[in-house]
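**Student:** Input: one structure, supplied below.
The values are calculated or read from the model by the stated rules, or taken from the named source; none is laboratory data. Since we're looking at a predicted model, the values are computed, not measured. Don't worry about glycine lacking a Cβ; one is built from the backbone with ideal geometry, like all the others, and counts go over all protein chains shown.
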Amino acid sequence: MTPSDVKATLSFSDGSPSIELPIYKGTIGPDVIDIRKLYAQTGKFTYDPGFLSTASCNSSITYIDGDKGELLYRGYPIEQLAEHCDFLETCYLLLYGELPNAAQKKEFDARVTHHTMVNEQMQFFLRGFRRDAHPMAVLTGLVGGMSAFYHDSTDINNPQHREISAIRLIAKMPTLVAMAYKYSVGQPYIYPKNSLSYTANFLRMMFATPCEEYEPNDVLVRALDRIFILHADHEQNASTSTVRLCGSSGTNPFAAIAAGVACLWGPAHGGANEACLNMLEEIQRMGGVAKIGEFIAKVKDKNSGVRLMGFGHRVYKNYDPRAKLMRETCHEVLGELGLGNDPLFKLAMELEKIALEDEYFVARKLYPNVDFYSGIVQRAIGIPVSLFTAIFALARTVGWIAQLNEMIGDPEYKIGRPRQLFVGSPKRDVKPLAQRG
Ligand code: ACO
């Protein structure tokens, strides 16, 4: 953090002495006012529910310019990574700060590939769930459960433990997601196959059966790999902040990542891709394109509680760059599968067009986010809607780990402990039961 020449002065209208607060500059993006000594100097806290103006940490991993619609991983634009790199190269970049050279890539790919099997006991744990359990409920349990299986990598303060738990989590997540899927449809689990790429292996574990081999289609592999790249990290979003806060207590990495999975599940975050596809299907059932106007009117009516899922973002106040890439991928996948006339895709494009021209959305700078098209791609690949958020969790695991490791390595790291503005009852005495009205 570079100190700025400029300082902020905080003054009070009640005559209390004003104080000077240091300002730090990042490499890009807004400066921050350092309020760490505010309480000690003034006896006051800041108030910022939802963290609208609060930088919770300093980080050198991911940068978003929400006004420009720009997303950089370690300085590289997401568009270039999506075009020139595969998901494991992106993982390497997020974890270690630089893109791998050919030898580093080979070594990293081999390490991840050789950690894809999960402890055989995991299947018995999985068997305890109802077959109709939501995959995110299962995944939260399985990821948390990993700490019960890999005791040699649970010390978050030990760099070797952090390294091996990172590789294990990245490698085993596809196996766990595929197992959760196979369990839900009553099919046998398919073991990983080391000759396949990370993403081709995942598709095979999902769709092969012992009776029939599955030949991964290159276009679909590339599309899913791109989905993984686009979801790999997104700076201090709700689930990443959850992982950091959870990990800040010194808990083990598997437990911290399980907390991230749980947070991601919510419909305002990772659950939006599932909610978005359900919404498109609902409009389709209502009558499709002809009913868009009626649906948009409902969205604009604040009393309806209906939101246009896949639209809007806390940080992007412009087109989400990931949504643009996802739209392209959508064309490629539907073309490859001969689904160019897919009614849901047509509906999504029409809905997007109408919303982008509507004053309600224009005034609020509401644009499509990554979830608007990713569901259509996943559905075309054959992934069930209920698994979408688990796929997101699989991809985001690397971001969570990179952010967690960055936090633990930061000399200024402390347990996260927000304060509050207390508005409840002041101190009072308990009355015996008979005297309470
Ligand atoms: N549909 C309709 N109106 C919306 C939408 C939407 N999708 N999103 C925001 N608005 C409106 C709000 O009602 C509010 O209007 P007002 O100023 O008249 O009260 C205004 O736009 C600002 O919205 P907030 O909810 O205050 O913005 P916030 O930053 O808190 O919300 C969020 C961001 C949660 C993503 C929101 O846009 C949303 O719910 N979108 C739909 C869910 C979704 O797609 N989530 C995916 C996010 S991306 C991801 O996690 C990968």
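**Student:** Could you grab me the full set of residues in the stretch 362-388 that are more than 21 Å from ASP342 (Cα to Cα), in contact (Cβ under 8 Å) with a residue 24 or more places away in the chain and surrounded by fewer than 20 Cβ atoms within 10 Å (Cβ to Cβ)?
**Tutor:** ARG364, LYS365
**Student:** Among the residues of the stretch 58-93, how many are in contact (Cβ under 8 Å) with a residue 40 or more places away in the chain, charged (D, E, K, R) and not in a helix (DSSP H, G or I)?
**Tutor:** 4
**Student:** Consider ALA393 carefully, then state whether it is within 14 Å of the ligand (Cβ to nearest atom), crowded, with 20+ Cβ neighbours inside 10 Å and closer than 19 Å to GLU294 by Cα.
**Tutor:** No, not satisfied.
**Student:** Taking the stretch 239-286, which residues are of a type in the set (A, V, I, L, M, F, W, C) and in contact with a His (Cβ under 7 Å, 6 or more places away or on another chain)?
**Tutor:** The one that is of a type in the set (A, V, I, L, M, F, W, C) and in contact with a His (Cβ under 7 Å, 6 or more places away or on another chain): CYS263.
**Student:** So which pairs qualify, if the first residue must be in the stretch 180-206 and surrounded by fewer than 23 Cβ atoms within 10 Å (Cβ to Cβ) and assigned to a helix (DSSP H, G or I), the second must be modelled with pLDDT under 95 and polar (S, T, N, Q), the Cβ gap must be under 8 Å, and the two must be at least 6 apart or on different chains?
**Tutor:** Note: pairs meeting the criteria are SER184/SER386.
**Student:** For the stretch 346-385, which positions are more than 10 Å from the ligand (Cβ to nearest atom) and within 17 Å of ILE227 (Cα to Cα)?
**Tutor:** TYR373, GLY375, ILE376, VAL377, GLN378, ARG379, ALA380, ILE381, GLY382, ILE383, PRO384, VAL385
**Student:** Within the stretch 159-172, does at least one residue satisfy the condition of being surrounded by fewer than 18 Cβ atoms within 10 Å (Cβ to Cβ), in a loop (DSSP other than H, G, I, E, B) and touching a residue at least 12 places away in the same chain (Cβ under 8 Å)?
**Tutor:** no
**Student:** With the requirement that a residue be of a type in the set (Phe, Trp, Tyr) and either in contact with a strand residue (DSSP E or B) (Cβ under 7 Å, 6 or more places away or on another chain) or more than 30 Å from THR154 (Cβ to Cβ) (or both), what does the stretch 209-249 give you?
**Tutor:** Within the stretch 209-249, TYR214 is the sole residue that qualifies.
**Student:** Within the stretch 265-324, count every residue that is in a helix (DSSP H, G or I), among the charged types (D, E, K, R), more than 8 Å from the ligand (Cβ to nearest atom) and over 18 Å from GLY69 (Cα atoms).
**Tutor:** 7
**Student:** Being closer than 26 Å to ALA355 by Cβ, within 15 Å of the ligand (Cβ to nearest atom) and either at pLDDT 95 or above or assigned to a helix (DSSP H, G or I) (or both), is that true of even one residue in the stretch 240-263?
**Tutor:** Checked against the condition, which is being closer than 26 Å to ALA355 by Cβ, within 15 Å of the ligand (Cβ to nearest atom) and either at pLDDT 95 or above or assigned to a helix (DSSP H, G or I) (or both), the stretch 240-263 yields no hits at all.
**Student:** Could you tell me how many of the residues in the stretch 332-347 are under 13 Å from ARG222 (Cβ atoms) and either modelled with pLDDT under 90 or of a type in the set (A, V, I, L, M) (or both)?
**Tutor:** Qualifying residue count for the region: 1.
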